[in-house]
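Below is one structure, written out as structure tokens; comments come after it.
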């Protein structure tokens, strides 16, 4: 059976050969920036915006590793063409790009000084695991408050998409002690909601969509799409501080991310949001998103999940 391919440091290789050295700072310090793109109908969605954000993250984090945009675009195109042929036509790929900060000089010693800035540049893909969110798209997800707080803005800019994610692992683990299927919803020390590990957060009151201010969160590509769709559907859009009390009073809540696009939130801690089912705003938005990409997003997830899990 043909094997998927990947891009590693300038070369297309079998995916099984794409390996990161143990001296790489992505391993030693969790120091890498990343993007995840998905396909619709085996075509990458908003690739240009994702690569723009990748370069923004590299600049914010001050990584020395050199990356060529055209090389990344060509690698994505080749990988999608090859790897899409290995999955069913009605399913899609997630595409990962990551760039590390370089090599750990302590491990290399003085002789490695000239190559220490040469980090790993990789592009790889995976079949989207629709079974992980298909049911949540139909019935809603649970979010939970936790004691873990976002990283301080002056330590790691929230606008950089990076893989230093230990706090998210701890947060979700804490949330699932109380609610086994929940995801954590973080808030600043002064009580303002930020985001989840998987994406941006929104609440809906009447025809206004509220989302946390840009200074507190990673600006999502899916968030950008959400804003465009909301304008088309004549929702008002407001970026402002949101508290857990605001969430308790919302008509609806939802999250956006690259993989599943939009997920309704039907419960926060022990409290139902709205009537505890995906609401009309979610239905409007996900229908418009499906029209935009030419794929029924909820139906695709449901059917693909059934196929993948038998």
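The values are calculated or read from the model by the stated rules, or taken from the named source; none is laboratory data. What you are looking at is a predicted structure, and each value in this text was computed from that prediction instead of being measured. Because the Cβ atoms are built from the backbone with ideal geometry, glycine has one as well, and the counts that use them run over all protein chains shown.
Some points to look at:
- Within the range 94-112, tally of residues that are surrounded by fewer than 22 Cβ atoms within 10 Å (Cβ to Cβ) and within 30 Å of residue 131 (Cβ to Cβ): 3
- The set of residues from the range 276-310 being at pLDDT 95 or above and assigned to a loop (DSSP other than H, G, I, E, B) comprises 276, 277, 278, 279, 294, 295, 296.
- Sole exception among (1) part of a helix (DSSP H, G or I); (2) in contact with a strand residue (DSSP E or B) (Cβ under 8 Å, 6 or more places away or on another chain); (3) surrounded by fewer than 21 Cβ atoms within 10 Å (Cβ to Cβ) for residue 137, by number: (3)
- Verdict on residue 112 being in the same structural domain as residue 78 (by TED's automatic domain parsing), touching a helix residue (DSSP H, G or I) at 6+ places or on another chain (Cβ under 7 Å) and not in a loop (DSSP other than H, G, I, E, B): yes
- Being farther than 26 Å from residue 35 by Cβ, at pLDDT 95 or above, surrounded by 19 or more Cβ atoms within 10 Å (Cβ to Cβ) and in contact with a strand residue (DSSP E or B) (Cβ under 7 Å, 6 or more places away or on another chain) is a description that does not apply to residue 244.
- Residue satisfying condition, being under 30 Å from residue 87 (Cα atoms), assigned by TED's automatic domain parsing to the domain that holds residue 277, out of contact with any helix residue (DSSP H, G or I) (no Cβ under 6 Å at 6 or more places or on another chain) and touching a residue at least 12 places away in the same chain (Cβ under 8 Å), within set 181, 188, 208: 181
- Residue satisfying all of: in the range 232-241; in a strand (DSSP E or B) and in contact with a helix residue (DSSP H, G or I) (Cβ under 9 Å, 6 or more places away or on another chain); surrounded by the fewest Cβ atoms within 10 Å (Cβ to Cβ) among these: 236
- In the range 259-291, the residues that are touching a helix residue (DSSP H, G or I) at 6+ places or on another chain (Cβ under 7 Å) and more than 19 Å from residue 183 (Cα to Cα): 285, 286, 288, 289, 290
- Meets criteria (more than 17 Å from residue 248 (Cα to Cα) and either assigned by TED's automatic domain parsing to the domain that holds residue 50 or free of Cβ contacts under 8 Å to residues at least 24 places away in the same chain (or both)) for residue 231: yes
- All positions within the range 161-170 that are buried (at least 17 other Cβ atoms within 10 Å of the Cβ) and either in contact with a helix residue (DSSP H, G or I) (Cβ under 8 Å, 6 or more places away or on another chain) or outside the structural domain of residue 215 (by TED's automatic domain parsing) (or both): 161, 162
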